[in-house]
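Before any comments, here is the structure.
The values are calculated or read from the model by the stated rules, or taken from the named source; none is laboratory data. This structure is a prediction, so every number in the text was calculated from the model and none was measured. Here the Cβ positions follow ideal geometry from the backbone for every residue, glycine too, while neighbour counts run over all protein chains shown.
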Amino acid sequence: MIKLKNWLKKQKWDSLIISKTSPLSTKIYAHLLKIFTKRKIYFCDGIHDEEEIQRAIDELAGSTIMVSRGTFNIGDKICMKDGNVLIGKGKNTILRMRT
C-alpha cells in the first residue's frame, strides 16, 4: 500500500475528470487518488460533461487536468484559463459534441 500511495503522489497532474463511460478500474483509481493525495476528482454524468470540465478549469487555474479515457458529451464551449493544461489519454479520450 505504501508503494501505491507514493506512486499516486508522483503523478504530474493536479486533478482528474472521469467519464461516465470510463472503465471500473479508472473509477477505482480515481477514488484511491482522492483518498491518498487529496487531489480534486470530477465525475461527469454523460449528459452535460462540459460543466464538470469547465468547473475543473475554473477551480484549478494554472493547473494540469487529466481527462480519463472514455467518452465525454460536450454541448457547449469550454473556456481554458491561462496556465491550464488539459491532458487526455490519447485516442481513448473522446470529446463528442452534442448537436
Those residues of the stretch 30-50 that are under 12 Å from the mean Cα position of the chain (by Cα) and of a type in the set (D, E) come to a total of 2
Among strands (runs of 3 or more DSSP E) completely within the stretch 34-99, the ones holding 2 or more residues that are surrounded by fewer than 16 Cβ atoms within 10 Å (Cβ to Cβ) are 85-87, 93-97
Of the residues in the stretch 66-99 that are within 13 Å of the chain's Cα centre (by Cα) and of a type in the set (S, T, Y), the one that is nearest to A30 (Cα to Cα) is S68
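Looking at the stretch 30-48, can you tell me whether even one residue there is touching a Cys at 6+ places or on another chain (Cβ under 6 Å) and at pLDDT 80 or above?
no
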